[in-house]
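Note sheet for the following structure.
Bear in mind that the values in this text are calculations on the coordinates, not laboratory data. Because the structure is predicted, anything quoted here is derived from the model rather than measured. Here the Cβ positions follow ideal geometry from the backbone for every residue, glycine too, while neighbour counts run over all protein chains shown.
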Amino acid sequence: MTQIRIFLSTVSAEFRSYRDALRHDLERPNVTVKVQEDFIATGTETLDKLDDYINQCDAIVHLIGDMTGAMAQSPSLSIINQRYPDIGKRLPPLSPFLGSGVESLSYTQWEAWLALYHRKMLIIAVPEPGTMRDEKYVLIEEQRNHQQQHLERLAAIERYPEIKFVSADRLAVEILRSKLHEILAKVGSFKKPSNLPLASIGGLFKGREALLDDLNRSFGPVPDSANKMAVARVLSGLGGIGKTRIAIEYAWCHAEDYSCRFVCSG
């Protein structure tokens with residue numbers, strides 16, 4: 001069975017709920033998703049452990065907001081310098097941060113650079129103006145400037161944000177439509193609909209089979225790459241005519257075919 005490893009990189013004080021929701025959406029028996037906290041207090045330098053995992057990853061999702069998180073300590077940086085003496089040459093924007101007594105980068109910023117050094121798929125996402133943050137978020141102008149400089153350093157090697165999000169749901173939708181889709185396709189269909197609001201009624205659902213078939217045909221084939229547009233459909237009508245039940249039964253019928261996000265407004 002193909003095993004996929006993904007790392008979600010962000011500052012938890014700012015986007016923990018976004019990250020945790022995305023982790024839940026992505027994880028399955030053959031997809032392992034890790035975050036920075038999984039490597040803290042392991043008895044070795046944090047950056048060392050992060051590097052080991054990132055080197056094994058298939059993709060890294062890097063959310064860049066206003067907060068830097070903790071800055072990498074000298075012992076961690078020494079390990080990276082010794083392990084990768086060519087890192088400054090391969091990634092020139094890093095050169096000013098590799099000597100002793102120089103300005104530090106944060107652990108979260110390093111996660112993106114290690115992904116690039118190891119030539120891993122790196123997906124950069126940034127929030128839209130007005131995006132809600134988590135309760136531990138604190139706007140510190142110095143940190144926000146550091147993050148803008150981080151974006152500028154990435155842009156210097158032509159790595160730009162490819163996703164903008166305004167909510168956890170929107171982030172998940174955009175991530176699943178991104179180039180990560182091509183990696184996830186290797187492990188087959190996505191999660192079964194364990195979070196659907198209602199169970200299927202099975203054989204008691206009668207008389208709407210033709211409508212379900214028409215709905216399925218209207219979606220067309222499942223997109224086979226992130227470059228193909230997904231199709232959206234809206235079920236609307238008077239209350240009580242069975243719109244929610246149709247959507248629920250459709251989701252259960254096609255649970256093994258592809259992943260989807262079910263939206264129901266009451």
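A full extension of the chain between GLN82 and VAL138 corresponds to an added length of 16.7 nm, given 0.36 nm per residue minus the alpha carbon distance. Between amide H atoms placed 1.01 Å from N, distances below 5 Å from SER106 occur with ALA72, all of them 5 or more places distant or on a separate chain. Annotation: average projected area of the range 1-143 is 9.5 square nanometres, based on the convex hull of Cα atoms across all directions. Using a cut-off of 22 Å between Cα atoms, the listed pairs LYS164/LYS186; LYS120/LYS179; LYS89/LYS164; LYS89/LYS186; LYS49/LYS186 include LYS164/LYS186; LYS89/LYS164; LYS89/LYS186; LYS49/LYS186 as exceeding that distance. Using the Karplus relation 6.51 cos²θ - 1.76 cosθ + 1.60 with θ = phi - 60°, the per-residue 3J(HN,Hα) values for the range 211-219 come to 5, 4, 5, 4, 4, 4, 5, 5, 6 Hz, with x marking Gly and Pro.
Report the GluC sites (Glu not before Pro) located in the range 156-185 that are in a DSSP loop and have at most 10 other Cβ atoms inside 10 Å of their Cβ, or state none. Provide the component values of the computation, followed by the final result.
Numbers: sites: GLU158, GLU162, GLU174, GLU182; in loops: GLU158, GLU162.
Qualifying residues, ordered by number: GLU158.
Taking neighbour counts of Cβ atoms within 10 Å as a proxy for exposure, in what order, fewest first, do LEU77, LEU22, LEU215 appear?
Values: LEU77 21, LEU22 25, LEU215 17.
By the 10 Å Cβ count, ascending: LEU215, LEU77, LEU22.
3J(HN,Hα) along the range 173-180, derived from phi through the Karplus expression 6.51 cos²θ - 1.76 cosθ + 1.60 where θ = phi - 60°, amounts to 4, 5, 5, 6, 8, 7, 5, 4 Hz, with x in place of Gly and Pro.
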